[in-house]
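Input: a single structure, listed below in structure tokens.
None of the figures in this text is laboratory data; all of them are computed from the coordinates on show. Computed from a predicted model, the values in this text were never measured in an experiment. Neighbour counts are summed over all protein chains in view; Cβ atoms, including those assigned to glycine, are modelled from backbone coordinates with ideal geometry.
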Amino acid sequence: MDFLWDLIQQSQLQAVRTTADLAESTAKRTESKTDRQQHQLHDLECQVERLNLVVIALCELITKSGITTRETLQATIDEIDLRDGTKDGRIHIAPSTCPQCDRPNHRLRTHCLYCGAMLEPDSFA
């Protein structure tokens, strides 16, 4: 009888060890994925900071050179912001629709991803 009891307990212990090993493996993969995502986020933040610096430099150059005024520049920014119908400080560029199959495609594509039809060139206007 003790032999049978020991066998059952050994089986249960092995099942618990297997579950613990699986949980540990999952935790390590999740930690690794989190680390990669944090690095990607940091890289994106650096890119945004760099783009911000470039935009500020360009704005200062064109206003200092007399090409335009700050007011005209701001009016142009506001006009571009409103192109998507909402003045929210962002521009949303909706996907274009294929004239042949009616499916959405990225605005920069020249041919439909689904049917291969030629897409009309699009501007951000």
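Some points to look at:
- Virtual spin-label span in nm between Trp5 and Ala20, 7 Å along Cα→Cβ: 2.3
- Which of Thr69, Val16, Gln47, positive extreme of dipole for the chain (C-beta unit charges): Thr69
- Residue with peak Gaussian network fluctuation, the chain [Cα springs, cutoff 10 Å], from Glu45, Glu71, Glu24: Glu24
- Counted over all Cα-Cα pairs of the chain, pairs farther apart than 20 Å make up 74 percent.
- Net charge of neighbours whose Cβ lies under 13 Å from the Cβ of Leu44, counting Lys and Arg as +1 and Asp and Glu as -1: -1
- Each of Glu49 and Leu61 was given a label point 7 Å from its Cα along the Cα-to-Cβ line. The distance between the two points is 2.2 nm.
- Length gained on full extension, Leu113 to Gln38, computed as 0.36 nm times the residue gap minus the Cα-Cα distance: 23.8 nm.
- Measuring from each cysteine beta-carbon in the chain, the ones with no other cysteine beta-carbon under 4.7 angstrom are Cys46, Cys59.
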